[in-house]
């Protein structure tokens, strides 16, 4: 096995609270292992431009509590092409980088897999608020996003109660309903609508709201995953059908910011440590995952071949609560 002297870390895709904690963990663990550690600015885009800087412990001081990513992130169409991947490898060789750690989602890991296939040793760390990394039960940033959305909805509920309204609140998650599901349970929403489960607006939503109103309830919360529809359109339809005054709120990017929760900080730190440990043991082309309550490493290609869906009984359980 080639002796490892220099490693690099980058963040790719959407930013997520806790990414800085993972960067800090990688840098400090790497330095303790005797490696030179480099940070790649602006993800794969920055890698192609040679935006690599050597990092020390002071560079990652006071970032544990910060949201976003100090290394920044950007999309790169050029990297998606074979020529771009070859260029990325050449840049890493120019800087003498022996292994690359990629913090991001499945899309970022596919880029890492492409690099591994042309001889670049890589390690992946899951970081996305959507929690849709197929190989991991949790990804960095998800817990913070859920808590941020929950706090916002608790405030919206007070206005909905004061004005006897229905509030349709759209949360992020792309094509996954993990944020909506946890937030819906946490805030006691009347309805939770997610992409994974088909729903009928009149029977599953409007009938539920009218039944509640007839029982004496005067305000309602409907949590909608962005992949399941538009909050604005949903609110208009609900008001037209039920006659209940309805307002839409799209939480948007507020869910991606803010100081990471203790859980996200701890998980990011442990994943960063394990990523460097894998490198020190010569275990390359792995993804660090949270599975069955433990931090583990699994083969990158196998990780990307996995599928992940919400627990089949989740919606049935939710209906019992509502």
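The values are calculated or read from the model by the stated rules, or taken from the named source; none is laboratory data. Here the structure is a predicted model, which means the values were calculated and not measured. Cβ placement follows ideal geometry from the backbone for every residue including glycine, while neighbour counts extend to all protein chains displayed.
Residues in segment 151-181 that are under 28 Å from the mean Cα position of the chain (by Cα) and part of a strand (DSSP E or B): 167, 168, 169, 170, 171. Among the conditions (1) touching a strand residue (DSSP E or B) at 6+ places or on another chain (Cβ under 8 Å); (2) closer than 20 Å to residue 99 by Cα, the only one that residue 17 does not satisfy is (2).
Every residue, every condition in (1) assigned by TED's automatic domain parsing to the domain that holds residue 191; (2) buried (at least 18 other Cβ atoms within 10 Å of the Cβ); (3) farther than 18 Å from residue 232 by Cα, yes or no:
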| residue | (1), (2), (3) |
| --- | --- |
| 124 | no, yes, yes |
| 127 | no, yes, yes |
| 131 | no, yes, yes |
| 135 | no, yes, yes |
| 157 | yes, yes, no |
| 162 | yes, no, yes |
| 169 | yes, yes, no |
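For segment 59-87, a residue qualifies if it is assigned to a helix (DSSP H, G or I) and farther than 10 Å from residue 27 by Cβ, and the qualifying residues are 78, 79, 80, 82, 83, 84, 85, 86, 87.
Please indicate, with yes or no, whether at least one residue in segment 117-135 is assigned to a helix (DSSP H, G or I) and more than 21 Å from the chain's Cα centre (by Cα). Looking for residues that are assigned to a helix (DSSP H, G or I) and more than 21 Å from the chain's Cα centre (by Cα), one finds none in segment 117-135, hence no.
Taking the stated definitions as given, is residue 193 touching a strand residue (DSSP E or B) at 6+ places or on another chain (Cβ under 6 Å), in the same structural domain as residue 227 (by TED's automatic domain parsing) and either surrounded by 24 or more Cβ atoms within 10 Å (Cβ to Cβ) or in contact (Cβ under 8 Å) with a residue 24 or more places away in the chain (or both)?
Working: touching a strand residue (DSSP E or B) at 6+ places or on another chain (Cβ under 6 Å): yes; in the same structural domain as residue 227 (by TED's automatic domain parsing): yes; either surrounded by 24 or more Cβ atoms within 10 Å (Cβ to Cβ) or in contact (Cβ under 8 Å) with a residue 24 or more places away in the chain (or both): yes.
Spelling it out, residue 193 is indeed touching a strand residue (DSSP E or B) at 6+ places or on another chain (Cβ under 6 Å), in the same structural domain as residue 227 (by TED's automatic domain parsing) and either surrounded by 24 or more Cβ atoms within 10 Å (Cβ to Cβ) or in contact (Cβ under 8 Å) with a residue 24 or more places away in the chain (or both).
When residue 96 is tested against the conditions (1) touching a strand residue (DSSP E or B) at 6+ places or on another chain (Cβ under 6 Å); (2) outside the structural domain of residue 205 (by TED's automatic domain parsing); (3) at pLDDT below 95, the lone failure is (3). When residue 34 is tested against (1) free of Cβ contacts under 8 Å to residues at least 12 places away in the same chain; (2) in contact with a strand residue (DSSP E or B) (Cβ under 7 Å, 6 or more places away or on another chain), just one condition goes unmet, and that condition is (2).
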